[in-house]
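Here the structure comes first, spelled out in structure tokens, and everything after it is commentary.
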């Protein structure tokens, strides 16, 4: 029974797992000194995972032969059974014990790490027709548990499922710049297109002798309460990782050349203020 189950699970693993990418440089450091992955990297995993589990590995069996085809150099494939300690996020109930396939990196001596009894955080999806099986959503969808990483994942998961969660960005709509009555004064407004059609707009305000200010509004009306999003929040992630790198020509089709140039400059200012999306 073991081998057919491994064959079917490996087939699903090959079909749906993306290519392994080099890990992004860590940027978050908890108060305890634990180095965390960048917020955007974990947000990617949370957004893309129907199930997030806190587990303890019960057994890990190395997979060899045809079922281990296409394993990346410096990795070994294992079939793992793990006890579920907590469901951080799940669209449907999961059993108390789950099985999954994972490719783990070898150490400097070419040895696989000992997985038994290790506590892990998993980003996964159910396997159709196999209620005790899950599939990691990415090849790095298994991560060592730490209190700090657990807390970060839970915070992002709460942001994602909140009723007012900002949607994914799909592009940019119209943009316009209106000069003020004084030299150097003006305002740019840029409308953002979203996956669910919810309105998002960016406003950039220029005042003579002052630094530019910008804000984001989640709604039809931009009021005085609008502000730039705090870094390492879901709204910051949606903007920093979802906005195009430049205003498309279609957004400025009806703008005068001077106003179009000002709008492009203000949009670049927003991107600079958001900072890079470190994945």
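The values are calculated or read from the model by the stated rules, or taken from the named source; none is laboratory data. Here the structure is a predicted model, which is why all the values come from computation and not from measurement. So basically every Cβ, Gly included, is an ideal-geometry build from the backbone, and we count neighbours across all protein chains shown.
Just a yes or no: is a residue in the stretch 194-204 touching a helix residue (DSSP H, G or I) at 6+ places or on another chain (Cβ under 7 Å), part of a strand (DSSP E or B) and in the same structural domain as residue 267 (by TED's automatic domain parsing)?
Within the stretch 194-204, one or more residues are touching a helix residue (DSSP H, G or I) at 6+ places or on another chain (Cβ under 7 Å), part of a strand (DSSP E or B) and in the same structural domain as residue 267 (by TED's automatic domain parsing).
For the stretch 100-119, check the following and say yes or no: at least one residue is touching a residue at least 12 places away in the same chain (Cβ under 8 Å), under 19 Å from the mean Cα position of the chain (by Cα) and over 29 Å from residue 166 (Cβ atoms).
no
Mind listing just one residue for me: the one in the stretch 224-250 that is out of contact with any helix residue (DSSP H, G or I) (no Cβ under 8 Å at 6 or more places or on another chain) and over 30 Å from residue 153 (Cα atoms) and, of those, modelled with the lowest pLDDT?
Step by step, filter the stretch 224-250, then rank; the result is 224.
Exactly one condition in (1) surrounded by 17 or more Cβ atoms within 10 Å (Cβ to Cβ); (2) closer than 25 Å to residue 37 by Cα is false for residue 216; which is it?
The single condition residue 216 does not satisfy is (2).
When you go through 183, 229 one by one, which is the residue that is outside any strand (DSSP E or B) and in contact with a strand residue (DSSP E or B) (Cβ under 8 Å, 6 or more places away or on another chain)?
Details: 183 fails: in contact with a strand residue (DSSP E or B) (Cβ under 8 Å, 6 or more places away or on another chain).
None of the other options fit; the residue is 229.
Could you list, in sequence order, all residues of the stretch 256-279 that are outside any helix (DSSP H, G or I) and buried (at least 19 other Cβ atoms within 10 Å of the Cβ)?
Listed by number, the list holds a single entry, 277.
Being loosely packed, with under 14 Cβ neighbours inside 10 Å and out of contact with any helix residue (DSSP H, G or I) (no Cβ under 6 Å at 6 or more places or on another chain) narrows it down to one residue among 173, 184; which is it?
One residue alone meets the criteria, 184.
Filter the stretch 244-255 down to the residues that are touching a residue at least 40 places away in the same chain (Cβ under 8 Å) and more than 19 Å from residue 187 (Cβ to Cβ), then identify the one that is surrounded by the fewest Cβ atoms within 10 Å (Cβ to Cβ).
Among them, the one singled out is 248.
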